[in-house]
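Chemist: Pasting in a structure now, in structure tokens, and then I'll have a few things to ask.
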Amino acid sequence: MALQNTYLDTQPAAIAGAPATMLPATEISRTIEGAAVAFGKAVEQGASDKSAKPFAGGNFVGIALLDRSASGLSVTAGQVTGRAIDAFGVGESARIRTKGDVWVVAAVAVDAGDGVYLTDAGAFTNAEADNTAISGARWDTSTTAAGQLAVVRLG
């Protein structure tokens, strides 16, 4: 087993799925189905009650929050069938933010105040064309290029 033997001098400013502030927010738990959900990714309603799956153009539920206790293990019929890093595995109970702010990876450069949209692949964008609007959501911070972290405020 490899051990970490080098450490950064400073912590990163943000990480996908982390709450951006300590302001009041609403979080729910949902059982993940279909495929693992990475921290900071959008989820939609799953087939079962109180379940969620990776967003693919369905009914948006919220954004998966970072959770250090998540194992990332996917379990089917009592057997471990996979492991995802920095994600909730299939069958795990995930923390989902439905109101409040959270760090996500922007698929394009965004400006604070823009509306928030999701592509069918679950990428966060400010482009309305052919994408799903997240009702009441806005970008709280700006980016200068694709792939950068920004804050989305839900509700």
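Chemist: Using the heavy atoms of the protein chains and a 1.4 angstrom probe, tell me the accessible area per residue for the chain in square angstrom. If you can, show how the numbers build up before the last one.
Modeler: On the way: 8710 Å² over 155 residues.
Computed with neighbouring chains in place, this is 56 Å² per residue.
Chemist: Across the stretch 99-104, in residue order, what do the Karplus-derived ³J(HN,Hα) couplings come to in whole Hz, using 6.51 cos²θ - 1.76 cosθ + 1.60 with θ = phi - 60° and x for Gly and Pro?
Modeler: Once rounded to whole Hz, the list reads 8, x, 10, 7, 7, 9.
Chemist: Pairs of alpha-carbon atoms within less than 8 angstrom and 6+ residues apart define the contacts here; what relative contact order does the chain have, in percent? The partial results should precede the final answer.
Modeler: Values: 416 pairs, mean separation 35.5, N = 155.
Normalised by residue count, the contact order of the chain is 23 percent.
Chemist: Report, by chain and number, residues whose modeled amide H sits under 5 Å from the one on Ala84, excluding near sequence neighbours (fewer than 5 apart, same chain).
Modeler: Distant-sequence amide H within range of Ala84: Leu73, Ser74.
Chemist: Mind checking the alpha-carbon convex hull of the chain and giving the volume per residue in Å³?
Modeler: Convex hull volume per residue, Cα atoms: 128 Å³.
Chemist: Using modelled amide H (1.01 Å from N, peptide plane; none on Pro or chain starts), what sits under 5 Å from the amide H of Asp114, excluding residues fewer than 5 places away?
Modeler: Trp139
Chemist: Once you charge only the Cβ atoms, +1 for Lys and Arg and -1 for Asp and Glu, what is the size of the charge dipole of the chain about its Cα centre, to the nearest 20 debye? The partial results should precede the final answer.
Modeler: Values: 11 positive and 15 negative charges, 78 e Å.
In total the dipole reaches around 380 debye.
Chemist: How much of the accessible area of the stretch 19-155, probe 1.4 Å, is carbon plus sulfur, in whole percent?
Modeler: Numbers: 3430 of 6830 Å².
Ligands and nucleic acids excluded, carbon and sulfur reach 50 percent.
Chemist: Can you work out the Karplus-derived ³J(HN,Hα) for every residue in the stretch 37-52? Use 6.51 cos²θ - 1.76 cosθ + 1.60 with θ = phi - 60°, whole Hz, and x for glycine or proline.
Modeler: Computed from phi, the couplings for the stretch 37-52 are 10, 6, 4, x, 9, 6, 10, 10, 4, x, 6, 9, 4, 6, 10, 8 Hz.
Chemist: Provide the solvent-accessible area of Asp114, counting protein heavy atoms only and rolling a 1.4 Å probe, rounded to the nearest 10 Å².
Modeler: That residue has around 40 Å² of solvent-accessible surface.
Chemist: Would you grab the residues whose amide H sits under 5 Å from the one on Ala36? Only those 5+ places off in sequence or on another chain, please, with H modelled 1.01 Å from N.
Modeler: Residues meeting the criterion, in which the H sits 1.01 Å from N, are Val90.
Chemist: What Kirkwood Rh does the stretch 21-87 have if only Cα atoms enter the pairwise 1/r average? Answer in Å.
Modeler: On the way: mean 1/r = 0.0788 Å⁻¹.
Answer for the stretch 21-87: a Kirkwood hydrodynamic radius of 12.7 Å.
Chemist: Continuing with this model, one more query. Can you give me the solvent accessible area of Asp86 with a 1.4 Å probe, rounded to the nearest 10 Å²?
Modeler: Only protein atoms counted, so the area is about 100 Å².
The values are calculated or read from the model by the stated rules, or taken from the named source; none is laboratory data. Owing to the predicted nature of the structure, the values given are computational and were not obtained by experimental measurement. Here the Cβ is made from the backbone with ideal geometry for all residues, glycine too, and neighbour counts use every protein chain on show. Ligands, DNA and RNA are stripped out before the accessible areas are found, and what is left, the full protein with its side chains, is counted by its heavy atoms. Shrake-Rupley method; radii C 1.70, N 1.55, O 1.52, S 1.80 Å.
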